[in-house]
Amino acid sequence: MAISTGGGGSTPMSDINTTPLVDVMLVLLIIFLIAVPVAIQTIERLEIPVMESVESKDKVENLLLTVSTTDQSGRSAGEPGFEGAAREGECRVYFNNITPVSSEELYDQAFERLDAIVTRAGGPEAIMEDPELIPQVHIRGDVNAPWRCVAGTIYNVQAAGYPTVGFISNPVDPNG
């Protein structure tokens with residue numbers, strides 16, 4: 001909006017009103033004058049407590065499984081010359097991502113582990129009162145592992161008593 005005073009000129013004023021700009025800049029200056037000293041305070045000496053690592057009695061440890069297959073030559077992951085999982089390969093399941101187990105061993109170890117957790121919690125009734133105490137199974141499947149291997153793993157852990165099975169995946173970079 002242009003305001004002209006006085007006689008004659010028909011051209012509008014083209015001056016910028018700097019008052020709001022100055023007001024905003026003064027407010028920002030005050031904020032920075034207060035915030036910067038707080039942000040740059042240094043800690044003279046930080047002492048981090050050293051604690052012994054012990055198994056938690058409160059937190060439920062989820063069961064981690066990795067599902068893969070042998071390569072074309074029948075070699076498992078970790079063996080020299082392993083060329084990567086093949087769809088035609090033999091199923092391999094790694095208990096807690098480390099120990100290779102067969103289907104029967106997977107069922108037995110999963111059942112024993114769940115039974116120990118339920119016993120430690122005070123029995124089935126006690127664990128059902130607090131659903132946070134019920135452990136979950138997290139499966140990380142190789143991209144080339146066939147569904148039959150993953151489905152067999154799910155079947156075994158659910159037969160052992162685990163009610164919740166989830167999958168761990170690596171996010172794909174959308175930019176390539």
* Structure fact -> Counting only residues in the range 132-163 that are among the β-branched types (Val, Ile, Thr) and closer than 21 Å to ARG92 by Cα, the one modelled with the lowest pLDDT is identified as VAL143
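Every residue in the range 119-142 that is without any contact (Cβ under 8 Å) to a residue 12 or more places away in the chain and crowded, with 18+ Cβ neighbours inside 10 Å, please. Reasoning before the result, please.
As a first pass, look at the range 119-142 and keep what is without any contact (Cβ under 8 Å) to a residue 12 or more places away in the chain: 119, 122-131.
Once the filter is applied, which keeps residues that are without any contact (Cβ under 8 Å) to a residue 12 or more places away in the chain and crowded, with 18+ Cβ neighbours inside 10 Å, the range 119-142 yields only ILE127.
Could you tell me whether VAL24 is modelled with pLDDT of 75 or more, outside any loop (DSSP other than H, G, I, E, B), of a type outside the set (Gly, Ala, Ser) and touching a Cys at 6+ places or on another chain (Cβ under 6 Å)?
On the way: modelled with pLDDT of 75 or more: yes; outside any loop (DSSP other than H, G, I, E, B): yes; of a type outside the set (Gly, Ala, Ser): yes; touching a Cys at 6+ places or on another chain (Cβ under 6 Å): no.
The answer is no for VAL24.
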* When residues of the range 31-79 are limited to those that are at pLDDT below 70 and touching a helix residue (DSSP H, G or I) at 6+ places or on another chain (Cβ under 8 Å), the one farthest from SER169 (Cα to Cα) -> LYS57
* To do: Output yes when any residue across the range 87-102 is surrounded by 15 or more Cβ atoms within 10 Å (Cβ to Cβ), assigned to a helix (DSSP H, G or I) and under 27 Å from the mean Cα position of the chain (by Cα), and no when none is.
  => no
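Say whether the condition of being at pLDDT below 80, at negative phi and of a type in the set (A, V, I, L, M) is met by at least one residue in the range 112-126.
Taking the range 112-126 and keeping what is at pLDDT below 80, we get none.
No - not one qualifying residue is present in the range 112-126.
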* Any hit, the range 157-167, residues being under 22 Å from ILE98 (Cβ atoms), open to solvent by 60 Å² or more (accessible area, probe 1.4 Å), touching a Gly at 6+ places or on another chain (Cβ under 8 Å) and assigned to a loop (DSSP other than H, G, I, E, B) -> no
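The values are calculated or read from the model by the stated rules, or taken from the named source; none is laboratory data. Everything numeric in this text was worked out from a predicted model, so none of it was measured. With ideal geometry, Cβ positions are generated from the backbone for all residues, glycine too; neighbour counts draw on all protein chains shown. To get the accessible areas, we keep the full protein, side chains included, count just its heavy atoms, and leave off ligands, DNA and RNA. Shrake-Rupley method; radii C 1.70, N 1.55, O 1.52, S 1.80 Å.
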